[in-house]
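Chemist: Quick one: structure below, then a few questions.
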Amino acid sequence: MTLWLKTRGVLTVMPLALVVFTVLALLLHDSVAVLPSLTLTGGTRMQLAMFVPVVVLVALGRCLDARLPAPEVSGVRHVLWLDAALTVVAVLAAAAVGVALGSVLDSEAALVLGRNTAFLTGILLCGRAVFGTVAVLLPVLWIVTVMLVGFRTWTDPYFWSVLPEPHGEPHAMVLAVTALLCGILVHQFSTRRAL
Amino acid sequence: MKVWPRLRSSSALWGAPLALAVTVFYYFSVTSAYVADESYGYAPGIVSYSLSSMYPFAYAVAAAFGSWESGRLVRASIWDVGPVRSRYRVAFDALIPVVGLSVLMVVLPVVLALVQWGAYPTLGSMRPLLLAVALCAAYAVLGFAVGLWVRPEVASPLLTVLVYLAVAYPVALDTFWLRHVTGQYPHALSYGEVATWQSMAAHALPACALAGALAVLWLPVGKLAQRALVGVLMVAVASVAAWSIAREWGPTPPVETRAAELACVGTRPKVCMPKGSGEDAGAVGADVREVLHRLRNVGISASPEKVTDTLIDGRYPKESTDSVWQLALTKGSRDGLVRYQTVRQAVAFPCTMPDIHASRMVVGWAAAAAGEQQTFRSLLREDPSHDAREQRALEEAVSRVRSRTADEQRDWYRVMRAKACADRGRDS
Amino acid sequence: MTLVLSACSYRYGRVRPYVLRAFSYELPDGLTILLGPNGAGKSTLLKLAAAVVVPQAGRVSYGNLSSRSKEFRREIAWMPQSITPLPSLTAREYVAYVGWLKGLSRTDAWERAQQALRRVELTEQEGVRTTQLSGGQIRRVGVAAALVHDARVLLLDEPTAGMDPRQRRLFRDVLAKLVEDGVQVLLSTHDVADLAEEADHVTVMDRGRVLLSGDTGAFLVEAPEGTAPGRVAEGAYTALLERGEQV
């Protein structure tokens, strides 16, 4: 498995990404910006922490792209399950950072980092099956969509937006976990057929 | 390379539908209402408002796709092929569709807004748009440079987020000078205002200098360290220059005012309104003169030389004097309030805060003399502290005064003017 | 035991035409070279044989092992046409990773990677990152990766592209030794003249069909009369293709 870790670049890319993720979460957990909106007059109040998971997603995409397609597909090792494990560990690490910071700093935006990372990871993995590596832009696109049309009022996001929902909102957690599971399954199936 | 193959092979083509859809949706959802209600057909205001939220989108798109195109050239080993054409030409060809898309994102809402009102662009109105176009190109270059070293799957999403926030976020900060150097002109220009070249320079200098510095790194002259030094100096000088321009500014940048052309009609008074405001200056002037005539008949001797529309002063209207009145004529004409505005200005009290009961009596009487009692009544109804009983009492009192002789009304007016200022402590 | 494709059909995607339709093929012992123009289906044949892709119809087997089984994959080694260098891997790490993927333990894979690189004379480059290797060196890394786990069937797609004559000679010696050890080798190449004399069998394909599959002698006699001695293989190949087009 160390060879798989080396191939994916997990030990170099992911720790760096998590450090950057932590620093950004520390800096931005209580920052709010008024950004353009199509549905709200005067713009949307967005927690900047919503953008922070992009760092982990970019790193995860980079790791999953670092593969030897032909030997992996024709081999006997279940590297796709290792990739799934990498995905889950990355999301859990982001969640751990978020919970730790959220508890210490009493920050709701930090507490939901793990949930949001899970949700956006699901979008990334599902998108890769259709669009390939360019799907790394889909999570950013989702955040922009939430910014533009995701709010009914300043404090009331639509249920499907997930990212701005408060901590503990059950449907948001369900959607996030579902998205992540779907993404992992789609990744398994589509990668196997990629050749 | 022909145009269509160049477009077809560019990443900007597959991003264009979404980017332009956001642009168009944003215009029709947000901007078009302002253009219809608040712009009065003033081209600089139309342009600045149309652009106000599009800057960060356009720059982020330029940077993201610029890095993607660069990554594609690296993957195709274009730089190892040893092209005969200069590297700048190869990069330029790759960036044309990217810059084209981002420029379209800023030009499209401006064109839609100008067409919606039927306004013609002026040279002054184009300054924010020129700024946006220049910075679209600068951010495309920045993205391209990043893409030479960082994989596009990493560079594109990170640049999208970083550029967007770097441009959009500083407007929310209390460090005001920051919002004047990011490339997002933070001010929707009011009527009569024009963005200054200085404010454009403050926005353009940092990003353009950075793009220029990155381009200098590629020059086939001197050593890399020397070129890097030149680049660093360029960025430093430009950033310091931008900061020194903007450091004393408040939340809004300085603007040129009274830039709109006035059309003046009539005499005693001459009535001046902005050209292209959509209202009939002749009709407004006739209303003003008729009201003044009626008021003179009841002893209110207001005779301004000129009446000017406050619209042209933007957000800092001038004070009226006895000879030159400043009234919101365009807005008043739209709302049917020009005659009433004239009454209010003509009834001048010798103190700044006259007693409210006395002043309402006087204004009500003058409005009735000018035929504007209905307007007076409906405006008073908007005051939640003024109920129907008080309204009836006021109208009865005004009727009693109106039933007196002309001389008695003149005397009453003089007495009430003085009383309003003598009694102003009663309601405090 | 031998590698057999039975009535296999395969196409890429759902709307493209079939590359191979009801295609049957049995790999003979020894070294077989696979010839054919671009688009003939050679790479698809190799991918099916390597269990990299699954046929939409038919089956692929090695003896009684189905291509869907792990045991099948342990016995088959495939070197694709394009090798993906990764900046995170040195040459030895690359070969060891492929060995690990094929079921070797990490320690075995590491040791055998060094041996495999020695066989293709890349010992000095074993610590060099694969992105820094030349095109020919990368191909040799691919060959080493195919040799690392002692497969019984070797499927090689254009293995000698980018190699100089001395490296090709070395490569042919390696192949000869493998064939001597009982390994079945199927080698796709455009290098007709070089390898025709070394091969035991030749298979010529065009447009998803086998035009000829037999020993080298049966292939070479297809050359037209009067063909220059040094160009017999080329002449045979061209004649077969022309006849195939007329069918």
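The values are calculated or read from the model by the stated rules, or taken from the named source; none is laboratory data. Source: prediction; values computed, not measured. Note: ideal-geometry Cβ built from the backbone for every residue, glycine included; neighbour counts use all protein chains shown. What goes into the accessible areas is simple: the full protein's heavy atoms, side chains included, and nothing from ligands, DNA or RNA. Shrake-Rupley method; radii C 1.70, N 1.55, O 1.52, S 1.80 Å.
Chemist: For chain B, set up a Gaussian network in which alpha carbons nearer than 10 Å are linked by springs, and say which option among B:I356, B:I300, B:I46 fluctuates the most.
Modeler: The residue that fluctuates most here is B:I356.
Chemist: Put a dot 7 Å past each Cα toward the Cβ at C:T107 and A:L105; how far apart are the dots in nm?
Modeler: 4.7 nm
Chemist: I need to check one value: relative contact order of chain B, counting alpha carbon pairs closer than 8 Å and at least 6 residues apart, in percent. Provide the component values of the computation, followed by the final result.
Modeler: On the way: 659 pairs, mean separation 58.4, N = 428.
Computed over chain B, the figure is 14 percent.
Chemist: Per residue, what accessible area does the stretch C:93-189 have, given a 1.4 Å probe and all protein chains present, in Å²?
Modeler: Working: 3780 Å² over 97 residues.
For the stretch C:93-189, the per-residue accessible area is 39 Å².
Chemist: Something else: Evaluate E = 1/(1 + (r/R0)^6) for B:R87 and B:W149, where r is the Cβ-Cβ distance and R0 equals 22 Å; express this FRET efficiency to the nearest 0.05.
Modeler: Numbers: r = 15 Å, r/R0 = 0.67.
Given R0 = 22 Å and the Cβ-Cβ separation, E is 0.90.
Chemist: Now a separate question. For chain A, what's the relative contact order in percent, using C-alpha pairs closer than 8 Å and at least 6 residues apart? Don't skip to the end; give the middle numbers.
Modeler: Details: 277 pairs, mean separation 47.1, N = 195.
Result for chain A is 24 percent.
Chemist: By residue number, which cysteines of the protein assembly as shown lack any other Cys whose Cβ falls under 4.7 Å from their Cβ?
Modeler: A:C63, A:C126, A:C182, B:C136, B:C208, C:C8
Chemist: Per 0.36 nm of contour for each residue apart, how much would the distance between B:R334 and B:K275 grow if the chain were fully extended, relative to their Cα-Cα spacing?
Modeler: On the way: separation 59, 0.36 × 59 = 21.24 nm, distance 1.50 nm.
Taking B:R334 through B:K275 to full extension adds about 19.7 nm, to one decimal.
Chemist: So which lysines can C:K47 reach, going by Cα to Cα under 22 Å and dropping same-chain residues fewer than 8 places off?
Modeler: C:K47 reaches C:K70, C:K102.
Chemist: Label-point separation (nm) for A:T2 and C:A57, each offset 7 Å from Cα along Cα-to-Cβ?
Modeler: According to this spin-label approximation, the distance is 5.0 nm.
Chemist: Could you work out how far apart the two model spin labels at A:D156 and A:T178 are, taking each label as a point 7 Å from the Cα in the direction of the beta carbon, and quote it in nm?
Modeler: 2.2 nm
Chemist: Oh, and also: Kindly give the semi-axes, whole Å and largest first, of the ellipsoid equivalent to the protein assembly as shown, taking each as the square root of 5 times a Cα gyration tensor eigenvalue.
Modeler: Working: eigenvalues 1253, 156, 119 Å².
Whole-Å semi-axes of the equivalent ellipsoid: 79, 28, 24.
Chemist: By how many nm would the segment from B:S29 to B:V265 lengthen if fully extended, with 0.36 nm per residue of separation less the alpha-carbon distance? Don't skip to the answer; put the middle values down first.
Modeler: Details: separation 236, 0.36 × 236 = 84.96 nm, distance 3.83 nm.
Working it through step by step, the gained length comes to 81.1 nm.
Chemist: At 1.4 Å probe size, with the rest of the protein present, what percent of the exposed accessible area of the stretch C:3-246 is carbon and sulfur atoms?
Modeler: Details: 4950 of 10650 Å².
Here carbon and sulfur together make up 47 percent of the probe-accessible area.
Chemist: Still on this structure, I have one more. Enumerate the amide H contacts of B:Q326 below 5 Å, restricted to partners 5 or more residues apart or on another chain; note that Pro and chain-start residues carry no placed amide H.
Modeler: Those qualifying (amide H under 5 Å, at least 5 residues apart or on another chain) are B:T308, B:S320, B:T321.
Chemist: Continuing with the same structure: Once you have all Cα-Cα distances for the stretch B:38-154, histogram them in 10 Å bins from zero and send the whole-percent values.
Modeler: 15, 37, 24, 15, 8, 1
Chemist: Out of the total accessible area of the stretch B:266-305 (probe 1.4 Å, heavy atoms of protein only), what percent is carbon and sulfur?
Modeler: Working: 820 of 1850 Å².
Solvent-exposed carbon and sulfur of the stretch B:266-305 make up 44 percent of the total.
Chemist: Computed over the Cα atoms of chain C, what is the convex hull's projected area averaged over all directions, in nm²?
Modeler: Values: hull surface 55.3 nm².
For the Cα atoms of chain C, the hull's average projected area reads 13.8 nm².
Chemist: Return the calculated 222 nm mean residue ellipticity for the protein assembly as shown, to the nearest 500 deg cm²/dmol, obtained by summing -39500 (n - 2.57) across DSSP H runs with n ≥ 4 and dividing by the residue count. All intermediate terms of the calculation are to be shown ahead of the outcome.
Modeler: Working: 36 runs with 489 residues, N = 870.
Here the helix-only value at 222 nm equals -18000 deg cm²/dmol.
Chemist: Write down the Kirkwood hydrodynamic radius of the stretch B:350-428, to one decimal in angstroms, obtained as one divided by the mean of 1/r over all alpha carbon pairs. Walk me through the numbers on the way to the answer.
Modeler: Working: mean 1/r = 0.0767 Å⁻¹.
After inverting the pairwise mean of 1/r, the radius is 13.0 Å.
Chemist: Going by average Cβ density within 10 Å per residue, which order do the peptides C:24-30, A:140-146 take, highest to lowest? Numbers along the way, then the final one.
Modeler: Details: C:24-30: 15.9, A:140-146: 20.4.
Top of the packing list down: A:140-146, C:24-30.
Chemist: Here's another thing I want to ask about it. Please compute how much accessible surface disappears when A pairs with C, both sides summed, using a 1.4 Å probe, and round it to the nearest 100 Å². Don't skip to the end; give the middle numbers.
Modeler: Working: alone 9990 and 12060 Å², together 19710 Å².
By this definition, chains A and C bury close to 2300 Å².
Chemist: Tabulate in residue order the Karplus-calculated ³J(HN,Hα) for the stretch A:122-133, using 6.51 cos²θ - 1.76 cosθ + 1.60 with θ = phi - 60°, rounded to whole Hz; enter x for Gly and Pro.
Modeler: Here the 3J(HN,Hα) series is x, 4, 4, 5, 5, x, 4, 5, 9, 9, x, 5 Hz.
Chemist: Can you spot the lysines whose alpha carbon is less than 24 Å from B:K275's alpha carbon? Ignore those fewer than 8 places along the same chain.
Modeler: B:K275 reaches B:K306, B:K318, B:K331.
Chemist: Same structure again: Can you give the FRET efficiency for C:A239 and C:Q132, using 1/(1 + (r/R0)^6), R0 = 60 Å, r = Cβ-Cβ distance, to the nearest 0.05? Could you put the intermediate results ahead of the total?
Modeler: Values: r = 44 Å, r/R0 = 0.73.
For C:A239 and C:Q132, the calculated efficiency is 0.85.
Chemist: Within 10 Å of each Cβ in C:89-100, how many Cβ atoms from other chains are there, averaged over the peptide? Could you put the intermediate results ahead of the total?
Modeler: Details: counts 6, 1, 0, 0, 4, 5, 0, 3, 11, 8, 3, 10.
The mean count of partner-chain Cβ atoms within 10 Å per residue comes to 4.
Chemist: May I ask you to derive the FRET efficiency for C:A161 and C:D215 from their Cβ-Cβ distance with R0 = 30 Å, giving the value to the nearest 0.05? Don't jump to the answer; show the numbers that get you there.
Modeler: On the way: r = 26 Å, r/R0 = 0.85.
That gives a FRET efficiency of 0.70.
Chemist: Comparing C:I83, C:I33, C:I138, which has the greatest mean-square fluctuation in the GNM of chain C with Cα pairs linked when under 10 Å apart?
Modeler: Its mean-square fluctuation being the largest, the pick is C:I83.
Chemist: Tell me the total accessible area that A and B bury against each other, 1.4 angstrom probe, in square angstrom rounded to 100. Could the numbers behind the result be given before it?
Modeler: Values: alone 9990 and 21270 Å², together 29290 Å².
By this definition, chains A and B bury close to 2000 Å².
Chemist: For peptide B:100-108, how many partner chain Cβ atoms fall within 10 Å of a residue's Cβ, on average? Before the final figure, lay out each step's value.
Modeler: On the way: counts 0, 0, 0, 0, 0, 0, 0, 0, 0.
The per-residue average across the peptide is 0.
Chemist: Provide a whole-number value for the mean count of partner chain Cβ atoms within 10 Å of the Cβ atoms in peptide A:33-39. Before the final figure, lay out the partial values.
Modeler: Details: counts 7, 4, 8, 11, 4, 8, 2.
Partner Cβ neighbours, averaged per residue: 6.
Chemist: Looking only at C:G142, C:G230, C:G162, which one moves most when chain C is put into a Gaussian network model with springs between Cα atoms under 10 Å?
Modeler: Top of the fluctuation ranking is C:G230.
Chemist: Sticking with this structure for a sec: Share of antiparallel DSSP beta bridges in the protein assembly as shown, in percent to the nearest 5? Working shown, then result.
Modeler: On the way: 30 of 54 bridges.
Bridges in the protein assembly as shown are about 55 percent antiparallel.
Chemist: Just for the stretch B:261-346, what percent of DSSP beta bridges are antiparallel, to the closest 5? All intermediate terms of the calculation are to be shown ahead of the outcome.
Modeler: Values: 4 of 11 bridges.
Percentage antiparallel, nearest 5: 35.
Chemist: To the nearest 10 degrees, how steep is helix B:356-369 against the longest Cα principal axis of chain B, on a 0 to 90 scale?
Modeler: Long axis of B:356-369 versus the principal axis of chain B: about 80 degrees.
Chemist: Specify the inter-centroid distance of the stretch B:312-384 and the stretch C:99-115, based on alpha-carbon positions, in whole Å.
Modeler: After rounding, the separation between the Cα centres reads 93 Å.
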